[in-house]
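The block underneath contains the structure these notes are about, expressed in structure tokens.
The values are calculated or read from the model by the stated rules, or taken from the named source; none is laboratory data. Keep in mind that what you see is a predicted model, and the values were worked out from it rather than measured. For neighbour counting, all protein chains shown are included, and Cβ atoms are generated from backbone atoms with ideal geometry for every residue, glycine included.
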Amino acid sequence: MLTATVVGGGSLLNGEHLPTPPVAVDRATMTVASTPDGAVPTVGVAPLEQAPDSFDAAALVKAVLLTERREAQQREAEQREAERRATSCADGDTGFETVQRRVSEAGVELRCRFGVDTVYGVAGRSGASDHPSGLALDLMVDRDPGEDLAAYAVANMDRLGIKYVIYRQRINFGSGWEAMEDRGGVTANHMDHVHVSFDRR
């Protein structure tokens, strides 16, 4: 037996051996007008209008380009500021006293890169210290920048002509950190500064 069903604007045949297709029902709103004293209400049906999915491609491209331009300008401004600080920092290389020229140049790089305010160069030291010969620097730092500075110095040993680095009672000749003996004090154990010794050339 076949039956016909009206759905939306078309008809659908149903039967025992026919598959039942999915039914799409038109979306609509129903408005019921109020009536006085039991009169039959009138019903009006109006389809909903759906706004099409759309976007302004030109506006999107413009927004992306504007964002990229601002990011590029920010990077350029940061680079200019870094160069300005480096130049200003390099002008104030006090604290190196009479260390050798290449030691002073490396010291400026380390001091400016890590914002070190106090550096000690030539000084009378006992034992085999490189300070009296102008081949060592002590960069006074807190722990966080000190760790970074020491790691940077080790990573750039060949380029900067560094012989070894000492920090926080450890020494590194380029093949890893080794523990040092306790020298009895914060400064003696290099807890408050990074010591950098340079090769003789």
So which of H190, H131 is modelled with pLDDT under 90 and part of a loop (DSSP other than H, G, I, E, B)?
H131
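Restricting the search to region 151-194, which residues are at negative phi, touching a Phe, Trp or Tyr at 6+ places or on another chain (Cβ under 7 Å) and not polar (S, T, N, Q)?
Result: I162, K163, Y164, R170, I171, F173, V194.
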Do we have S88 as under 21 Å from H190 (Cβ atoms), polar (S, T, N, Q) and modelled with pLDDT under 75 here?
no
